[in-house]
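To start, the structure under review is shown below, and the notes come after it.
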Amino acid sequence: QKEVEQDPGPLSVPEGAIVSLNCTYSNSAFQYFMWYRQYSRKGPELLMYTYSSGNKEDGRFTAQVDKSSKYISLFIRDSQPSDSATYLCAMSDNYGQNFVFGPGTRLSVLP
Amino acid sequence: EAGVAQSPRYKIIEKRQSVAFWCNPISGHATLYWYQQILGQGPKLLIQFQNNGVVDDSQLPKDRFSAERLKGVDSTLKIQPAKLEDSAVYLCASSSGPLGNTIYFGEGSWLTVV
């Protein structure tokens, strides 16, 4: 079993749809959970991060962490064509060590 | 604030040749990372520096890869000799702290080995 798993997609949705992106993980030591967005031929950029379990909202983006299930999600409301990118989840332990990325989900939002 | 700078952006070399990538982190960032991202995969950490000391190089193929960070600022990553499976994007990142929520990436150096 890989340490972090993520559905690679591609995921295609119409503009305005609600998008749900998910990751599962196996290491119970992970405490920090991040979502990065990576446009084609660009480096990843940090979208959101959360500590431990719970929800965090930022504009159209909501991150959820369920540590009991070892499952994290990113929701995108009112998706736009500009949201078309690869979304990478990442996580680390309490000390910033063992920082691991998921393989990424490629999202296409169709106008 | 200037971001993480990397060069060259694109490089094509033949197998068994050597290549070097350069990175200039965000000013004041003590931590510098080199990641390898193969197409369709997430970035994999190759080496992490704290100032000019190595924190983690457990996944660096030391028989062919080397990295240094002179004076705790710029860094170079070298591959010699290159193999076909080294074709990937090499991402440099820097951080102002030890936690993942402070990591900023450059745009990457795209290597094709033929």
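Laboratory data are not the source of any read-out in this text; all were calculated from the coordinates shown. For clarity, every value in this text was computed on a predicted model and none was experimentally measured. For neighbour counting, all protein chains shown are included, and Cβ atoms are generated from backbone atoms with ideal geometry for every residue, glycine included.
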Check: How many percent of DSSP beta bridges within chain A run antiparallel, rounded to 5?
Finding: 90
Margin query: Take chain A, mark every one of the chymotrypsin sites (Phe, Trp or Tyr not before Pro) that falls in a DSSP loop and has at most 14 other Cβ within 10 Å, then report the longest stretch left between them, sites excluded.
Written below: A:40-94
Notebook entry, point to check: Please state the relative contact order of chain B as a whole percent: Cα pairs under 8 Å, 6+ residues apart?
Noted result: 37
Next item on the list: Show the residues, 5+ positions off or on another chain, whose built amide H is closer than 5 Å to the amide H of A:LEU11.
Entry: A:ARG106, A:LEU107, A:SER108
Checklist line | Calculated from backbone phi, Karplus (6.51, -1.76, 1.60) coupling profile of segment A:52-65 in Hz, x at Gly/Pro | finding: 6, 8, x, 10, 9, 10, 8, x, 7, 10, 10, 9, 10, 10
Notebook entry, point to check: In segment B:1-63, with Lys and Arg counted as +1 and Asp and Glu as -1 at Cβ, which of these residues, B:ASN51, B:ALA2, B:SER18, has the Cα nearest the positive end of the dipole, that is, farthest along it?
Noted result: B:SER18
Note to self: So for chain A, averaging the separation of alpha carbon pairs under 8 Å that are six or more residues apart and normalising by length, what relative contact order in percent results?
What the structure shows: 37
Next item on the list: Please give every one of the lysines within straight-line cross-link reach of B:LYS15, meaning a C-alpha to C-alpha distance under 27 Å, and leave out same-chain neighbours fewer than 8 residues apart.
Entry: A:LYS42, B:LYS44, B:LYS62, B:LYS78, B:LYS83
Note to self: With +1 assigned to the C-beta of every Lys and Arg and -1 to the C-beta of every Asp and Glu, and no other charges, what is the dipole magnitude of the protein assembly as shown about the Cα centre in debye, to the nearest 20?
What the structure shows: 500
Item checked: Amide H contacts under 5 Å for A:LYS42, placed H, 5+ residues apart -> none
Note to self: 5 Å is the cut-off here: which amide hydrogens, built 1.01 Å from N in the peptide plane, fall below it relative to A:GLN31, excluding neighbours closer than 5 in sequence?
What the structure shows: A:SER92, A:ASP93, A:ASN94
Next item on the list: Determine the distance separating the Cα centre of segment B:1-40 from the Cα centre of segment B:57-114; give it in Å without decimals.
Entry: 6
